[in-house]
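Asker: Dropping a structure here in structure tokens format, bear with me for questions.
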Amino acid sequence: MGTSNLKARLVESRLIGPDVRHFVFEAPDCDRLEFLPGQFVSFSGLVGGRRITRAYSIASAPDGNRFDLCLNLVKDGKFSPHLFEMAPGDEVDMKGPLGMFVPRTPFRDSVFVATGTGIAPFRAMLGSPPVQASNSDVLLLFGARYEAGLVYGAEFEELVSHWEGFRYWPTITRPGADWRGRTGRVQEHLDEALGGRTGVDVYICGLKEMVDSIRDTLKAKGFDRKQIIYEKYD
């Protein structure tokens, strides 16, 4: 797990939701990019003559020197517009992988709570052989504004079909007329997801307000600090 200076070279990218793009990068300087699912890389580059650095969660399990990112286009952002304009073969300066938002060892029954691109580290964890082989029950509670924002939904549905202990609960705050699933914010479904259990680990990733709200709820329920693993996206 170094923090060495590396390059990340874009392999491909595609739009997967409203202003959300899935990127595949490779690290040409190494054969294997060693990281734990849930960790992030730090990208930096010159934008308008100033060096900008941003951290992005890796959205895939370790796989040679390739890794995926799932990024939101921040309209007035300093760096995301630059990344959205990259073409295959373009490179960006990278440090990492870094971060402590990783599956606990041993991995046990867990509830994953994500909103928006906070889904990225969970896609990495769910694709990781140690998590899948743990025989643990995992419930993914994933919130978005619109159905189109439930990125990777088809992958999670597929996972349900062959992982007996995995449940996927998408919820949206602005449902269309055809939506038959859960509605409202993820906070409103937490009690049902926990089902009265206090012995599970809860992993939370998304915007600060949601993360803090769920942490407060869990603490009030008597959850130990070690059982609440979180990362905030500002």
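Asker: With a cut-off of 15 Å, note down the residues of region 86-103 whose backbone N falls inside the zone around a label point 7 Å from the Cα of ARG50 toward its beta carbon.
Answerer: none
Asker: Further question: Would you mind checking the tilt of helix 208-220 against the longest principal axis of the Cα atoms of the chain, expressed as 0 to 90 degrees and rounded to 10?
Answerer: 30
Asker: Turning to a different aspect of this structure: What share of Cα pairs, in percent, lie more than 17 angstrom apart in region 161-234?
Answerer: I get 52 percent for the Cα pairs in region 161-234 exceeding 17 Å.
Asker: Oh, and also: Restricting to the chain, compute how many DSSP beta bridges are antiparallel as a %, nearest 5. Walk me through the numbers before you get to the answer.
Answerer: On the way: 33 of 59 bridges.
About 55 percent, rounded to the nearest 5.
Asker: Counting each pair of different Cα atoms once, what's the Kirkwood radius of the chain in Å, rounded to one decimal? Kindly include the intermediate steps, with their values, before the conclusion.
Answerer: Numbers: mean 1/r = 0.0546 Å⁻¹.
By the Kirkwood definition, the hydrodynamic radius is 18.3 Å.
Asker: Whole-Hz Karplus ³J(HN,Hα) for region 128-138, in order, using 6.51 cos²θ - 1.76 cosθ + 1.60 and θ = phi - 60°, x for Gly and Pro?
Answerer: My calculation for region 128-138 gives 8, x, x, 5, 5, 7, 6, 6, 8, 8, 10 Hz in order.
Asker: Compute the distance in nm between two label points, each set 7 Å from the Cα along the Cα-to-Cβ direction, one at TYR146 and one at LYS208.
Answerer: 2.7
Asker: If you don't mind, another one. Largest first and in whole Å, give the semi-axes of region 110-233's equivalent ellipsoid, each being the square root of 5 times a Cα gyration tensor eigenvalue.
Answerer: So the three semi-axes of region 110-233 are 21, 19, 13 Å.
Asker: Would you kindly state how much longer the chain becomes between ARG32 and LYS78 on full extension, computed as 0.36 nm times their sequence separation minus their alpha carbon distance, in nm to one decimal? Could you put the intermediate results ahead of the total?
Answerer: Details: separation 46, 0.36 × 46 = 16.56 nm, distance 2.98 nm.
This chain segment gains 13.6 nm when fully extended.
Asker: Hey, another quick one. Considering the Cα trace of region 5-98, what is its radius of gyration and what is Dmax, both in angstroms?
Answerer: Cα radius of gyration and Dmax of region 5-98 are 12.4, 36 Å respectively.
Asker: Something else now. Using θ = phi - 60° and the Karplus relation 6.51 cos²θ - 1.76 cosθ + 1.60, list the HN-Hα couplings for region 179-193 in order, rounded to whole Hz, with x at every Gly or Pro.
Answerer: Residue by residue, region 179-193 yields 6, 10, x, 6, 10, x, 7, 4, 4, 6, 10, 5, 4, 5, 5 Hz.
Asker: Using label points projected 7 Å from each Cα along Cα→Cβ, tell me how many nm separate SER42 and VAL11, to one decimal.
Answerer: Distance between label points: 2.5 nm.
Asker: Another question, then. In degrees from 0 to 90, rounded to the nearest 10, what is the angle of the helix 153-162 Cα long axis to the longest principal axis of the chain?
Answerer: For 153-162 against the chain, the angle is about 60 degrees.
Asker: So what is the calculated 222 nm ellipticity per residue for the chain, using -39500 (n - 2.57) for each DSSP H run with n of 4 or more, over all residues, to the nearest 500 deg cm²/dmol?
Answerer: Calculated from helices alone, the mean residue ellipticity at 222 nm is -5000 deg cm²/dmol.
Asker: Still on this structure: Whole-Hz ³J(HN,Hα) for each residue in region 96-104, computed from phi via Karplus 6.51 cos²θ - 1.76 cosθ + 1.60 with θ = phi - 60°, x for glycine and proline: what do you get?
Answerer: Calculated HN-Hα couplings, in order: x, x, 9, x, 10, 7, 10, x, 5 Hz.
Every number in this text was worked out from the coordinates using simple rules, so none of it is lab data. Just so it is clear, the structure is predicted and the values come from calculations on it, not from any experiment. As a convention, Cβ positions derive from the backbone with ideal geometry for all residues, glycine included, and neighbour counts pool all protein chains shown.
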